[in-house]
Amino acid sequence: MTGRIGVVTFPGSLDDGDAARAVRIAGAEPVRLWHRDTDLQGVDAVVLPGGFSYGDYLRCGAIARFSPVMSAIIAGAGQGLPVLGICNGFQVLCESHLLPGALIRNDHRHFVCRDQWLRVENDQTPWTQDLRVGQEILVPVKNGEGGFIADAGTLQMLEDENRVVFRYVRGNPNGSRADIAGIRNERGNVVGLMPHPEHAVEDLTGPSIDGLALFTSVLNSLVNA
Amino acid sequence: MPRVVVDVMPKPEILDPQGQAIQKALGRMGFDAVSGVRQGKRFEVEIEGEVDAAALAKVEQMAETLLANTVIEEFVVRVEG
């Protein structure tokens, strides 16, 4: 079985090409989805890539959240469709209330672009099952508004319910609360993270190939489903 | 045309790095009595027809769902003019 994984392109998406490439390198078939699509073409999972959807107008991800394709993705996520939001995709997932909290401007006010170590905190999601808890991975992070924030009750809930999936280690690049780099929804099928695993899938261009595990994870979760 | 204004501000407990940057710049310009700046957004929504309670309720709904992210922002709706 070859998994078919949708990669959404919004106006202003930048990393849709790399995300589709990562899907292909992982051994799955990337299916390009357009923001106006109302049909997900029967894909087995969806990646919302990084970039600046709709020019980051209003708030990052706020306008993308109301695009036609998001209605289909929100409905699918409710039925267990695996969804991964990377960077701007994470912002879209928070704006869609598929994930709690919000991403605000980096506390130091600068755009950050560097290779970043992350610690895996949860390996029970379809996007992280090929990783193991405590493992550290190196992937690029690049954002201006990547500070994860939520109220105290929500932060406590994320910890109590083991919903932090990745945490920044060896330095927090953006002021995210509790060093949170990525989280999951209650069911676990929806995961969002600020760093870019799709840029760490080949030795030639990435600081590691650690990011590939997210894409092989979802493919293996489909095979074993 | 009747105009409804929606003011959106970051919640008081939310860090506002843009406001901080503006405050620092003001200090450099010699406005040294400024003890704080917070940056928000103002939306001017023009409404066809009468701005009655139902129309205002619609603008509240717009603010709640799109204009503001109530996780981090608060908003006020008012009629101007």
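Within segment A:102-126, restricting attention to residues that are of a type in the set (Lys, Arg) and under 15 Å from A:Val169 (Cβ atoms), which residue is nearest to the other protein chains (Cβ to nearest Cβ)?
To start, the set of residues in segment A:102-126 that are of a type in the set (Lys, Arg) comprises A:105, A:109, A:114, A:119.
Applying the additional criterion that residues be under 15 Å from A:Val169 (Cβ atoms) yields A:114, A:119.
On the way: A:Arg114: 19, A:Arg119: 24 Å.
Taking the candidates together, the pick is A:Arg114.
Can you tell me which residues in segment B:27-44 are within 25 Å of A:Ile104 (Cα to Cα) and either more than 14 Å from chain A (Cβ to nearest Cβ) or in contact with a Leu (Cβ under 9 Å, 6 or more places away or on another chain) (or both)? Can you show your working first?
If we filter segment B:27-44 for residues that are within 25 Å of A:Ile104 (Cα to Cα), which is where we start, we get B:27, B:34-44.
Across segment B:27-44, the qualifying residues are B:Gly27, B:Val34, B:Ser35, B:Gly36, B:Val37, B:Lys41, B:Phe43, B:Glu44.
Criterion first (farther than 20 Å from A:His196 by Cβ, within 14 Å of another protein chain (Cβ to nearest Cβ), at pLDDT below 95 and over 14 Å from the mean Cα position of the chain (by Cα)) does A:Arg65 satisfy it?
Working: farther than 20 Å from A:His196 by Cβ: yes; within 14 Å of another protein chain (Cβ to nearest Cβ): yes; at pLDDT below 95: no; over 14 Å from the mean Cα position of the chain (by Cα): yes.
No; evaluated as a whole, the condition is false for this residue.
Hey, does segment A:47-70 have a residue that's among the hydroxyl-bearing types (Ser, Thr, Tyr) and free of Cβ contacts under 8 Å to residues at least 24 places away in the same chain?
Keep residues of segment A:47-70 that are among the hydroxyl-bearing types (Ser, Thr, Tyr), which gives A:53-54, A:57, A:67.
Subsequent filtering for residues that are free of Cβ contacts under 8 Å to residues at least 24 places away in the same chain retains A:57.
Checked against the condition, which is being among the hydroxyl-bearing types (Ser, Thr, Tyr) and free of Cβ contacts under 8 Å to residues at least 24 places away in the same chain, segment A:47-70 yields at least one hit.
Results for (1) in a loop (DSSP other than H, G, I, E, B); (2) touching a Leu at 6+ places or on another chain (Cβ under 9 Å); (3) more than 14 Å from chain A (Cβ to nearest Cβ), shown as yes or no for each residue.
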site: B:Met1; (1), (2), (3): yes, no, yes
site: B:Val4; (1), (2), (3): no, yes, yes
site: B:Pro12; (1), (2), (3): yes, no, no
site: B:Gly19; (1), (2), (3): no, no, no
site: B:Lys58; (1), (2), (3): no, no, yes
site: B:Thr65; (1), (2), (3): no, no, no
site: B:Val77; (1), (2), (3): no, yes, yes
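State whether one or more residues within segment A:90-101 are within 14 Å of another protein chain (Cβ to nearest Cβ), farther than 26 Å from A:Pro140 by Cβ and modelled with pLDDT of 95 or more.
yes
Go through A:Ile137, A:Ile149 for me and flag whichever is within 14 Å of chain B (Cβ to nearest Cβ) and either among the β-branched types (Val, Ile, Thr) or within 30 Å of B:Glu73 (Cβ to Cβ) (or both). Give the derivation first.
On the way: A:Ile137 fails: within 14 Å of chain B (Cβ to nearest Cβ).
When all the criteria are applied, what remains is A:Ile149.
Okay, residues lined up against (1) surrounded by 14 or more Cβ atoms within 10 Å (Cβ to Cβ); (2) in contact with a Phe, Trp or Tyr (Cβ under 8 Å, 6 or more places away or on another chain):
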| site | (1), (2) |
| --- | --- |
| B:Val4 | yes, no |
| B:Met9 | yes, yes |
| B:Ile22 | yes, no |
| B:Met29 | no, no |
| B:Val45 | yes, no |
| B:Glu48 | no, no |
| B:Ala55 | yes, no |
| B:Asn69 | yes, no |
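The values are calculated or read from the model by the stated rules, or taken from the named source; none is laboratory data. Predicted, not measured: the structure shown is a model, and the values here were computed from it. Neighbour counts run over all protein chains shown; Cβ positions are idealised from the backbone, glycine included.
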